[in-house]
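Some notes on the structure that comes next.
The values are calculated or read from the model by the stated rules, or taken from the named source; none is laboratory data. Keep in mind that what you see is a predicted model, and the values were worked out from it rather than measured. We place every Cβ from the backbone using ideal geometry, glycine too, and count neighbours over all the protein chains shown.
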Amino acid sequence: MTAIITDLIGLQVLDSRGRPTVCVRMTLGDGSIHKVSVPSGASTGQHEAVELRDNGTSHAERFFEGKSVYQAVANINEIIRPELINTVPNTQRTDALLIGIDTTDRHEILGANATLAVSLVTAKAVAHIQELSLARFYQPTGALRIPMPMVNILSGGAHANGALDIQDVLVIPHGATTFSQALSWVVAIRDAAARIGAAQGYVTNLIADEGGLGIPFESSSQACAFVTECIEAVGLAPGQEVSIALDIAATQFYDRGNYVSRSSGKTFTAQQWHEQLITLLSSHPIISIEDPFAEDDWNSWETFMRLLPKPIQVVGDDLFTTNLGRLWRGIENKSANSILIKPNQNGLVTQTHDVLNHAQEHGFTTIVSARSGETEDSWLADLATGWGAGQIKVGSTHGSERTAKWNRLLELEATEETVFSKPF
Ligand code: 2PG
Ligand code: MG
């Protein structure tokens, strides 16, 4: 039988930060080989599925500062492999098997880095058997919807050693008519940021984890004004053709009810922080804001949604952690109107897809997202497209782990019947 799994091997590889991560290789009876590597976050939410690291266990060695993933790899090779060998790959069955082996909600025993790798490689293998790309496996017919990119220009927070309080200042090139045009605009803006920043006397060769510039502006407002200037400098119209998106990643600087700004040295109550954000939104061409409040500060999210000064996308990342239960709460209480979809926050492909579908059914926009620690793998681009996510967030245009995803989207656009998604 050519469609049978003849081998499954887990191994430890490195991510874009030089930290260990899980890779898995599945061989089928027809001799084909399918590989998946999984990403890893830095600004992780506490409700995410558990990324198994060897810290403090017998597997840990003195290298990799306890961050090795030998236990997760052993779980693939010793526990999962025997269950899958000589079976026909099937995504539903694999995910059910993984849930059966590890009944904890957050994949604490096997590790979400192990489960996601196996879950995804199964999807890749099934797509191969059907002679489809992963994107076409999820959407076999009709024009594929290439997602609108949300691209990092400036980085702060956990990705740039706190250069800014907020984590990302990004741009959305919503006036572009094709993905390749959108990407060319963003590359120009990113280059302009380096050029203009240097001319203004900033150090612009500090490249953050996701390829953005780690310029230590005094305030978020100054950073937004700078990005607006860069959009104008390349001849594009801020607000009409290209707008700003922010990832505040507020969980990172939340402390017992307060938001503590490192750059200004000020501590804000939730109410004061709300006012700061409203001023920011009213002063700049911002159309999307992610994690404006901390992951469990639900009340502040709900008040914020009720009092928005203009219609914008309010995205839950740490708030939802790609978890259906948390999404339900957010839908019922109108805590946000958009969700970031990160497969490794969830740990299983079928469940991640379910979360995305539920969000869309309830009028939420969906943004499929990479992590700050990435690999050269490009499956995310196929998932975002095949699932009709609408938007994709991959970091900046620098770094092969980022361009692998952009380049895959360029390939899909050049070789398939496609339409380019509008952001909302
Ligand atoms: C985020 C992601 C990607 P991390 O917060 O949205 O930018 O960061 O992977 O570190 O959680
Ligand atoms: Mg985020």
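Couple of notes before you dig in:
- Residues of region 341-368 that are out of contact with any strand residue (DSSP E or B) (no Cβ under 7 Å at 6 or more places or on another chain) and outside any helix (DSSP H, G or I): GLY347, LEU348, HIS362, GLY363.
- Qualifying residue in region 236-249 (condition: assigned to a helix (DSSP H, G or I), crowded, with 24+ Cβ neighbours inside 10 Å and out of contact with any Ser or Thr (no Cβ under 8 Å at 6 or more places or on another chain)): no
- Residues that are away from ligand 1 (no atom under 16 Å from the Cβ), modelled with pLDDT under 95 and either touching a helix residue (DSSP H, G or I) at 6+ places or on another chain (Cβ under 7 Å) or polar (S, T, N, Q) (or both) within region 30-70 comprise ASN55, GLY56, THR57, SER58, HIS59, ALA60, listed in sequence order.
- Selection count, region 287-303, where residues are under 26 Å from GLN240 (Cα atoms), within 16 Å of ligand 1 (Cβ to nearest atom) and of a type in the set (A, V, I, L, M): 1
- Residues (touching a residue at least 40 places away in the same chain (Cβ under 8 Å) and more than 21 Å from PRO39 (Cα to Cα)) located in region 391-413: LEU410, LEU412, GLU413
- Residue that is nearest to ligand 2 (Cβ to nearest atom) [pool: residues in region 36-80 that are part of a loop (DSSP other than H, G, I, E, B), among the small types (Gly, Ala, Ser) and farther than 19 Å from ASN346 by Cα]: SER68
- Residue count, region 123-172 (criterion: surrounded by fewer than 20 Cβ atoms within 10 Å (Cβ to Cβ) and within 14 Å of ligand 1 (Cβ to nearest atom)): 3
- Residue check, LEU154 more than 16 Å from ligand 2 (Cβ to nearest atom) and over 26 Å from VAL69 (Cβ atoms): no
- The listed residue being assigned to a loop (DSSP other than H, G, I, E, B) and β-branched (Val, Ile, Thr), out of THR122, THR141: THR141
- Within region 390-399, one or more residues are farther than 22 Å from PRO140 by Cα, within 11 Å of the chain's Cα centre (by Cα) and either β-branched (Val, Ile, Thr) or part of a loop (DSSP other than H, G, I, E, B) (or both).
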